[in-house]
Every structure is written in C-alpha cells, then in structure tokens.
Amino acid sequence: MSIPEEAKNRTLTIERTFKAPLALVWQAWTQPEHIAHWWGPKGMETEVIEHNFHVGGRWKYSMQMPDGSKFITEGVYSEIIEFEKIVTSADFKPMTEGVELHILFEENGNTTNFTFNVLHATEEYCKQQEKMGFYNGWGSVFDRLDSYVTTSK
C-alpha cells in the first residue's frame, strides 16, 4: 500500500527486512505474549493491559522506563489484512498523540519485508516528531523485534 500523495509530507517511514518467516513476525505483532518481549525501546519493560486484535478492537500497553516512570501507548485497529497489513490509531502519551500507524508485511522467502508508516495530522507535527528522535526510538524497537523473532525461530 502506498501512502496517498496528500499524506506523504506528514508521514515518517521505516523499512526493514527481518530474518524470520512472515508467520512468526505476524505473531510477534499480533499476540500479546510476544508483544511484551519487544515493544518499546531498549531498556523498557512493557505490560500488555489490553489487546483486542480485530477491527474496532482496542490495544493498550504500559511501558516502564529505566527510571521507573511509565507511559501509556494505546489505539484502535481500523484495518487488518492477515499477514499483510495492520492500520491503527496510536497515542504514545505524553510524547506523541493522534497518529495513525500503517504496518505492512511482505513475505520474501524465509524473510519478511516490513514497512512502518506513521501518519501525522500535519507536516509540522511530523517534522517535530522526527526531530524528537523518531528514527532512533523506533529503530531501537525494531532492533528488539528483529532480535526476538530471530531467536524465536
């Protein structure tokens, strides 16, 4: 899925290839017992509070930072195509609110091509989030996911 032209200037994208089969990467994204192992940047503990993986279903996770403070991440699923795409609203309070995640999966032999698009309400908000460390933060999360799926094979 490509991002609509009008949204390109307010979208941040990360692409990765995970050295794990699509079914395993999909499970890591969709099953709470897996999510708790990799969601969040390195050094954070994640508790899955709510996870209703269906269109209209809510998800809510609590992430504890190394200093003991917590913040909540939550959203509502608006589109799910099994083994292909997940679309959800997302709030990462208090740092990021009102974004939409488009998470795309593509089987590539024994690996999985992965595209993570975050759509922001405005171009200015998108630029602000990028400056706050979007690529480093999510890059760390996806490093953890890669490690988790690689060792879970």
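Checking Glu74 against (1) closer than 21 Å to Ser140 by Cβ; (2) of a type outside the set (Val, Ile, Thr); (3) surrounded by 13 or more Cβ atoms within 10 Å (Cβ to Cβ); (4) free of Cβ contacts under 8 Å to residues at least 24 places away in the same chain, which single condition isn't satisfied?
That leaves (4) as the condition not met.
For segment 1-12, what are the residues that are surrounded by 15 or more Cβ atoms within 10 Å (Cβ to Cβ) and not in a loop (DSSP other than H, G, I, E, B)? Outline the logic, then answer.
Just the residues of segment 1-12 that are surrounded by 15 or more Cβ atoms within 10 Å (Cβ to Cβ), to begin with: 3, 7, 10-12.
Hits for segment 1-12 are Ala7, Arg10, Thr11, Leu12.
Looking at Asp67, Asp146, Asp91, which one is on the phi < 0 side of the Ramachandran plot and loosely packed, with under 13 Cβ neighbours inside 10 Å?
On the way: Asp146 fails: loosely packed, with under 13 Cβ neighbours inside 10 Å; Asp91 fails: loosely packed, with under 13 Cβ neighbours inside 10 Å.
That would be Asp67, the only listed residue that is on the phi < 0 side of the Ramachandran plot and loosely packed, with under 13 Cβ neighbours inside 10 Å.
Every residue in segment 70-79 that is touching a Gly at 6+ places or on another chain (Cβ under 9 Å) and either β-branched (Val, Ile, Thr) or at positive phi (or both), please. Walk me through it before giving the result.
Of all residues in segment 70-79, those touching a Gly at 6+ places or on another chain (Cβ under 9 Å) come to 73, 76-78.
Result: Thr73, Val76.
Determine whether segment 118-130 contains at least one residue that is part of a strand (DSSP E or B) and either exposed (fewer than 14 other Cβ atoms within 10 Å of the Cβ) or under 15 Å from the mean Cα position of the chain (by Cα) (or both).
Taking every residue of segment 118-130 in turn, at least one turns out to be part of a strand (DSSP E or B) and either exposed (fewer than 14 other Cβ atoms within 10 Å of the Cβ) or under 15 Å from the mean Cα position of the chain (by Cα) (or both).
Here is a check on your reading of the model: is Glu123 more than 25 Å from Met65 (Cβ to Cβ), of a type in the set (Asp, Glu) and touching a Lys or Arg at 6+ places or on another chain (Cβ under 6 Å)? Show your work before the answer.
On the way: more than 25 Å from Met65 (Cβ to Cβ): yes; of a type in the set (Asp, Glu): yes; touching a Lys or Arg at 6+ places or on another chain (Cβ under 6 Å): yes.
Considered against the rule, which asks whether it is more than 25 Å from Met65 (Cβ to Cβ), of a type in the set (Asp, Glu) and touching a Lys or Arg at 6+ places or on another chain (Cβ under 6 Å), Glu123 comes out as yes.
Tell me yes or no: at least one residue of segment 25-46 is of a type in the set (A, V, I, L, M) and either without any contact (Cβ under 8 Å) to a residue 12 or more places away in the chain or under 20 Å from Asn108 (Cβ atoms) (or both). So that I can check it myself, show each step before the final result.
Taking segment 25-46 as the starting set, the residues that turn out to be of a type in the set (A, V, I, L, M) are 25, 28, 35-36, 44.
Remaining after also requiring either without any contact (Cβ under 8 Å) to a residue 12 or more places away in the chain or under 20 Å from Asn108 (Cβ atoms) (or both): 25, 28.
Yes, segment 25-46 contains a residue that is of a type in the set (A, V, I, L, M) and either without any contact (Cβ under 8 Å) to a residue 12 or more places away in the chain or under 20 Å from Asn108 (Cβ atoms) (or both).
Please work out if Trp39 is under 22 Å from Glu97 (Cβ atoms) and either at pLDDT 95 or above or touching a Ser or Thr at 6+ places or on another chain (Cβ under 6 Å) (or both).
Values: under 22 Å from Glu97 (Cβ atoms): yes; either at pLDDT 95 or above or touching a Ser or Thr at 6+ places or on another chain (Cβ under 6 Å) (or both): yes.
It is true that Trp39 is under 22 Å from Glu97 (Cβ atoms) and either at pLDDT 95 or above or touching a Ser or Thr at 6+ places or on another chain (Cβ under 6 Å) (or both).
The conditions are (1) of a type in the set (Asp, Glu); (2) surrounded by fewer than 16 Cβ atoms within 10 Å (Cβ to Cβ); (3) closer than 24 Å to Lys127 by Cβ, and Glu84 fails exactly one of them. Which is it?
The number of the failed condition is (3).
For segment 62-82, give me each residue that is under 23 Å from Thr11 (Cβ atoms) and at pLDDT 95 or above.
Across segment 62-82, the qualifying residues are Glu74, Gly75, Val76, Tyr77, Ser78, Glu79, Ile80, Ile81.
If I filter segment 103-113 for residues that are surrounded by fewer than 16 Cβ atoms within 10 Å (Cβ to Cβ), in contact with a Leu (Cβ under 6 Å, 6 or more places away or on another chain) and more than 22 Å from Gly57 (Cα to Cα), do I get at least one hit?
yes
The values are calculated or read from the model by the stated rules, or taken from the named source; none is laboratory data. Keep in mind it's a predicted model, so treat the numbers as computed, not measured. Please note: Cβ atoms are built from the backbone with ideal geometry, for glycine as well, and neighbour counts cover all protein chains shown.
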